[in-house]
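See structure below.
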Amino acid sequence: MLLSVALILICGMGMSWICKKLKLPGLLGMLLTGIVLGPYVLNLLDENLLNISSELRKMALIIILMRAGLGLDISGLKKIGRPAVMMCFVPATFELLGMLVLAPRLLGLSVLEAAILGSVLAAVSPAVVVPRMVRLMEEGYGTEKGIPQLILAGASVDDVYVIVLFTTFSGIMQGKSVSVMSFLNIPISIILGMIIGLLAGWLLARYFEKVHIRDTVKVLILLSISFLLVVAEDHMTTAITFSALIAVMFLGVGLQKYREVAAKRIAVKCGKMWVAAEVFLFVLVGATVNIGYLSHVGLKAVVLICGALIFRMTGVFVCLLGTDMNGKEKLFTMMAYTPKATVQAAIGGIPLALGFACGDVVLTVAVLAIVLTAPLGAFAIDSSYKKFLAKLSDSIAMYSQYKIK
């Protein structure tokens, strides 16, 4: 396992550096490292490490969501209003509808099989999107109109909605009845996650105010509470649940609101932790990709993914109607909402494990979606944000000039 950890870090960081030198997103190098080191190519990663891969990926995701919450400007999100709520489910719904239209025609799937495929693919990847939006907020690009906050919040909630749909469609395929409560649980779990996170953040703020401890210890406390929230969600068997990942993000929001000084210092520590966590996240996602399946995929699957993304981007455009964003800002938001990786890697193989006839097709298209959209989406964000979004200082300067005139 030590050899595997060393290979992941050295090769992952090395390939990331090479990709950045070639003006490509670093995560492409990490994904390629995982594919090559993983069980389907060189098979150099220890089996015990791969067995806990999903937990390690979740830990990395928790770190970046916590970091995102510590820097999320809720006031900016409030200004956006309606589009922020719509971004949580409208783009995913449009992509699912696109799958229902295209998959039966291109791949010969039934409507229910197309719905299962659509619910696997419809999730945007927080692992790709969130760290980039955090960087935009730190650099001040698009923050005047709340664009990174909008994308960040939507990407975090989008996954909850899609996973509930996937569970529902899989249950129908297995002959289970559809529960109205499962659909009602979507908004309830999101709201409960926000409330629990804010309450935990408030309690920690009061604690940190009264008890003076090192920032490193504060980070460990936050991580421990975040892990406990995720475990609590996993073990809940009630009809009503809460979204732990949203609770983790709002834990950071609550701490920032009630103890901003501590939140800023903790955010710096989380940023340093993300350096290692990012490598593990994307290399281990790459290790789940079975490139053997890609040989069975024809041009039709590529057309299907591209077609579904057009539906998704149309959904984002609908969400942004009536906002004060210009054409470039809308186009950036549409592109930023396309990368796929973590959810597809996590649930892409479930239909095959359940013995569904469409299992092979779902897994193959999920793998192809990761390979195509994760690096391309990251590249689109990295290469366009300085051109398409106004920097905060520039916006203030322009406003000042307008007032003088």
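Taking the numbered list (1) without any contact (Cβ under 8 Å) to a residue 24 or more places away in the chain; (2) part of a helix (DSSP H, G or I) in turn, A84 passes all entries but (1). Of the numbered criteria (1) out of contact with any Ser or Thr (no Cβ under 8 Å at 6 or more places or on another chain); (2) part of a helix (DSSP H, G or I), the one T238 fails is (2). Checked against (1) over 24 Å from T364 (Cβ atoms); (2) more than 17 Å from the chain's Cα centre (by Cα); (3) not small (G, A, S), L96 passes all but condition (1).
Give the residue, chosen from G76, G98, G71, that is touching a helix residue (DSSP H, G or I) at 6+ places or on another chain (Cβ under 7 Å), open to solvent by less than 40 Å² (accessible area, probe 1.4 Å) and modelled with pLDDT of 95 or more.
Within the list G76, G98, G71, the selection yields G98.
Taking the residues in the range 375-395 that are open to solvent by 50 Å² or more (accessible area, probe 1.4 Å), more than 25 Å from F282 (Cβ to Cβ) and out of contact with any strand residue (DSSP E or B) (no Cβ under 8 Å at 6 or more places or on another chain) as candidates, determine which candidate is modelled with the lowest pLDDT. For the range 375-395, the residue satisfying everything is D394. Residue under question is S177, and the condition is that it be within 24 Å of M99 (Cα to Cα) and either open to solvent by less than 60 Å² (accessible area, probe 1.4 Å) or modelled with pLDDT of 90 or more (or both); does it hold? So S177 does not fit the description; no. Of everything in the range 281-316, what is among the small types (G, A, S), without any contact (Cβ under 8 Å) to a residue 60 or more places away in the chain and assigned to a helix (DSSP H, G or I)? Give them in sequence order. S295 - this is the single residue of the range 281-316 that is among the small types (G, A, S), without any contact (Cβ under 8 Å) to a residue 60 or more places away in the chain and assigned to a helix (DSSP H, G or I). Here is the figure for the range 254-266: residues that are part of a helix (DSSP H, G or I) and either open to solvent by 10 Å² or more (accessible area, probe 1.4 Å) or at positive phi (or both) total 7. Within the set I63, I18, I35, the sole residue that is more than 20 Å from G142 (Cβ to Cβ) and without any contact (Cβ under 8 Å) to a residue 40 or more places away in the chain turns out to be I18. Restricting attention to the range 113-146, the residues that are touching a helix residue (DSSP H, G or I) at 6+ places or on another chain (Cβ under 6 Å), within 25 Å of I305 (Cβ to Cβ) and in a helix (DSSP H, G or I) total 16.
Scoring G175 on the criteria (1) farther than 21 Å from S226 by Cβ; (2) part of a helix (DSSP H, G or I); (3) of a type outside the set (A, V, I, L, M, F, W, C) leaves a single failure, condition (2).
The values are calculated or read from the model by the stated rules, or taken from the named source; none is laboratory data. Only a predicted model underlies this, so the values are computations on that prediction, with no experimental measurement involved. Ideal geometry is used to build each Cβ from the backbone, glycine not excepted, and the neighbour counts take in all protein chains shown. When the accessible area is computed, the model is the full protein with side chains, heavy atoms only, and any ligands, DNA or RNA have been set aside. Shrake-Rupley method; radii C 1.70, N 1.55, O 1.52, S 1.80 Å.
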